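The values are calculated or read from the model by the stated rules, or taken from the named source; none is laboratory data. Given the structure is predicted, the values throughout are model-derived calculations rather than measurements. No Cβ is skipped: glycine too gets one built from the backbone with ideal geometry, and neighbour counts run over all protein chains shown. In case anyone asks, the SASA skips ligands and DNA or RNA and just uses the protein heavy atoms, side chains included. Shrake-Rupley method; radii C 1.70, N 1.55, O 1.52, S 1.80 Å.
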Amino acid sequence: VPVEVVASRQLSILLLQDYPQAEVRFLKNYLTGKGHPLVTRFRLSKNIFRYEVANSATKLQGKLNVDALDRFDLVVTDEQSLKALSAEETTAMETAVRKGMGLLMLLNGPPESRRFPGDVLELSPSSPAPDTVRYNLGSFGNQSGPFVAMKPGKRVQSILRSGNYVLQGLALCGNGKVGFQSLRETYRLALGGDQ
């Protein structure tokens with residue numbers, strides 16, 4: 001059987017955060033080390049942002065719009081940052097995802113169903129929600145950490161589960177995908193030397 005080896009592709013990534021977090025800092029360092037062009041945008045105040053650029057990525061100017069988002073393969077954000085976007089920026093994000101861009105949500109709770117991507121993910125909280133869970137990452141072994149207990153909606157495909165709880169999953173949205181991760185403090189793995 002012939003084997004075709006394809007080189008990994010460098011993804012152009014935008015990290016949207018309201019404030020710097022350890023979780024995102026370790027993710028940023030990991031992606032930068034792999035050579036991915038990366039733009040990080042932190043909110044300093046209501047309409048003032050700080051940008052960091054790595055690996056020859058192009059800096060953003062002004063508000064997010066479809067033309068600016070077309071330069072990215074993936075946006076990584078949390079719900080608070082997405083909620084802080086203006087109505088025009090939210091519409092631009094949804095349009096870009098439907099055209100093929102990926103969106104990865106780092107969740108602290110289920111997204112609002114009235115706003116994108118809540119209408120795509122269709123997640124609901126599970127009660128009572130334990131504050132830690134043990135999960136298996138295959139060759140990485142068993143880990144434990146805090147997470148948000150959620151039950152998937154009919155459109156969500158589970159990637160990583162613990163019992164009835166969904167820890168990671170995705171939903172198709174036009175030509176793009178909206179993924180989510182509810183595990184938090186995974187930077188502990190990096191602090192322990194596990195890259």
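Here is a yes/no grid of residues against (1) over 22 Å from Asp70 (Cα atoms); (2) surrounded by 13 or more Cβ atoms within 10 Å (Cβ to Cβ); (3) modelled with pLDDT of 90 or more:
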residue: Val3; (1), (2), (3): yes, no, no
residue: Arg9; (1), (2), (3): no, no, no
residue: Leu16; (1), (2), (3): no, yes, yes
residue: Tyr19; (1), (2), (3): yes, no, no
residue: Leu38; (1), (2), (3): no, yes, yes
residue: Leu44; (1), (2), (3): yes, no, no
residue: Tyr51; (1), (2), (3): no, no, no
residue: Ala54; (1), (2), (3): no, yes, yes
residue: Ala57; (1), (2), (3): no, yes, no
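The residues of region 71-106 that are touching a helix residue (DSSP H, G or I) at 6+ places or on another chain (Cβ under 6 Å) and farther than 13 Å from Gly176 by Cα amount to a single one, Ala92.
The residues on offer are Glu52, Glu94, Glu4, Glu88, and the sole one that is part of a helix (DSSP H, G or I) and over 23 Å from Gln168 (Cα atoms) is Glu88. For region 18-39, the set of residues classified as hydrophobic (A, V, I, L, M, F, W, C), farther than 13 Å from Glu52 by Cα and touching a Phe, Trp or Tyr at 6+ places or on another chain (Cβ under 7 Å) consists of Ala22, Phe26, listed by residue number. Output the residue which, of all residues in region 74-117 that are over 11 Å from the mean Cα position of the chain (by Cα) and acidic (Asp, Glu), is modelled with the lowest pLDDT. Out of the qualifying residues, it is Glu112. Among the residues making up region 82-98, those that are in contact (Cβ under 8 Å) with a residue 24 or more places away in the chain, out of contact with any Phe, Trp or Tyr (no Cβ under 8 Å at 6 or more places or on another chain), open to solvent by less than 70 Å² (accessible area, probe 1.4 Å) and not hydrophobic (A, V, I, L, M, F, W, C) are Glu89, Thr95. Candidates in region 156-185 are the residues that are hydroxyl-bearing (Ser, Thr, Tyr), part of a strand (DSSP E or B) and at pLDDT below 80; of these, the one that is least open to solvent (accessible area, probe 1.4 Å) is Ser162.
The C-beta contact set for region 17-42 (first residue within 24 Å of Gly62 (Cα to Cα) and without any contact (Cβ under 8 Å) to a residue 40 or more places away in the chain, second residue open to solvent by less than 30 Å² (accessible area, probe 1.4 Å) and among the small types (Gly, Ala, Ser), distance under 7 angstrom, 6+ apart or interchain) comprises Thr32/Ala54; Pro37/Ser12; Pro37/Ala57; Leu38/Ala54; Leu38/Ala57; Val39/Ala57.
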